[in-house]
1. Applying the selection to segment 178-204, what residues are in a strand (DSSP E or B) and either free of Cβ contacts under 8 Å to residues at least 24 places away in the same chain or of a type outside the set (V, I, T) (or both)?
2. Output yes when any residue across segment 66-89 is modelled with pLDDT of 95 or more, out of contact with any Asp or Glu (no Cβ under 6 Å at 6 or more places or on another chain) and within 27 Å of N161 (Cα to Cα), and no when none is.
3. Looking at this structure, is V139 within 30 Å of R265 (Cα to Cα), at pLDDT 95 or above, surrounded by 18 or more Cβ atoms within 10 Å (Cβ to Cβ) and assigned by TED's automatic domain parsing to the domain that holds G50?
4. I'd like the full set of residues that are surrounded by fewer than 24 Cβ atoms within 10 Å (Cβ to Cβ) and not aliphatic (A, V, I, L, M), limited to segment 222-235.
5. Just one of (1) modelled with pLDDT of 95 or more; (2) outside any loop (DSSP other than H, G, I, E, B) trips up L25, so point out which.
6. Please pick out the residue among F96, F112 that is of a type in the set (F, W, Y), closer than 22 Å to L230 by Cα and either at pLDDT below 95 or assigned by TED's automatic domain parsing to the domain that holds G220 (or both).
7. Can you name the number of the only condition in (1) surrounded by 14 or more Cβ atoms within 10 Å (Cβ to Cβ); (2) farther than 22 Å from T158 by Cβ; (3) within 18 Å of the chain's Cα centre (by Cα); (4) not charged (D, E, K, R) that P63 fails?
8. Select from segment 237-283 the residues that are under 15 Å from the mean Cα position of the chain (by Cα) and closer than 18 Å to Q68 by Cα and list them in ascending order.
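The values are calculated or read from the model by the stated rules, or taken from the named source; none is laboratory data. The structure presented is a predicted model; accordingly, all values stated were derived computationally and were not measured. Cβ placement follows ideal geometry from the backbone for every residue including glycine, while neighbour counts extend to all protein chains displayed.
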Amino acid sequence: MTISKGLSRRQALLAGASAPAIAMLGAGRAAAKAEMKGAAQPLYSRFMLGDFEVTTLLAGTRPVPDPQTIFGMNVSAEEFAAASAEAFIPANVAQFFFTPTVVNTGEELVLFDTGLNAEGITAALAAAGYAPDDVDVVVITHMHGDHVGGLNSDAGNTFANARYVTGATEHNHWMGAGNETFDKKVRPLSDQFAFLDDGGEVVSGITAIAAHGHTPGHMGYMIENFGKSLVLIADTANHPVWSLERPDWEVKFDADKAAAAATRRKMLGMIAADKLPFVGYHMPFPATGFVEAKGDGFRYIPSSYQLMLE
């Protein structure tokens, strides 16, 4: 081996010894060809709220084209596109998320909403370590199909050991609405429901918040334990930009659009003023975050590690 001028014998020997290793490394890298696994999304996220254990569940997600047929129905296509571009999201498609929440109080396991179908909610529960029979209380925030769809299936009722809770106004409305989904999913369980009004208690530490507008009796919930609080806003705001940041933009699925906008302003204003974390059923998973007042609306701040800290 020829030693070049200016290179010590030790350096030359080290360089020579490393050459086969470098060659082997390059060969191994070229031969690896690991299989593609495909995009993946976790099905649950868990954190503590005082002594309560809170788990958000991804019971379903899907892309939805032409989102301005749903959000921002009262603004121009140009305004919708500009707001989307500002937030680095496309204006021609949205990703929808369906996120029930489980609260383990230490005494009871409380499930808020049930997703689109029994398969989705049971899969998410299983990923989080729960069986449907573990659920003691099922709380329905409102009666839209993507919240009651998992209550039962052809195999029967999904939550065999649970009692059910919902808003009195909400249930009364749908009882007379002639709605096929309600009649199939909720009506058979009606004699097992307890009914709440604003401020009503599900269990100790969980109380109802009237959030009408999206549906006639739509409810949010305040969860409190050992000085810590969390708000479940359900469908008060259904998108972090086109609904939360623009509270006056009309949403197709809001039954009373003016009342829904007023509810958004009231609830989001409270969350922002009190600096509370919240769970939004349709926020990007894990659906947890904070709200800051911004201009004539609000800014969504997704949670990072705040909820990991006790």
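1. Within segment 178-204, the first condition is being in a strand (DSSP E or B), and the residues that meet it are 193-196, 201-203.
F193, A194, F195, L196, E201 - these are the residues of segment 178-204 that are in a strand (DSSP E or B) and either free of Cβ contacts under 8 Å to residues at least 24 places away in the same chain or of a type outside the set (V, I, T) (or both).
2. The initial filter retains those residues of segment 66-89 that are modelled with pLDDT of 95 or more, namely 66-89.
Subsequent filtering for residues that are out of contact with any Asp or Glu (no Cβ under 6 Å at 6 or more places or on another chain) retains 66-72, 75-89.
From what is left, the residues that are within 27 Å of N161 (Cα to Cα) are none.
No, there is no match, as no residue in segment 66-89 is modelled with pLDDT of 95 or more, out of contact with any Asp or Glu (no Cβ under 6 Å at 6 or more places or on another chain) and within 27 Å of N161 (Cα to Cα).
3. Details: within 30 Å of R265 (Cα to Cα): yes; at pLDDT 95 or above: yes; surrounded by 18 or more Cβ atoms within 10 Å (Cβ to Cβ): yes; assigned by TED's automatic domain parsing to the domain that holds G50: yes.
Answer is yes for this residue.
4. Correct list: E224, N225, F226, G227, K228, S229.
5. (1) is the only condition that L25 fails.
6. Working: F96 fails: closer than 22 Å to L230 by Cα.
Unique residue meeting the criteria: F112.
7. (1)
8. Our first condition is that a residue be under 15 Å from the mean Cα position of the chain (by Cα); within segment 237-283, this holds for 237-241, 243-244, 277-283.
Listed by number, the residues that qualify are A237, N238, H239, P240, V241, S243, L244, H282, M283.
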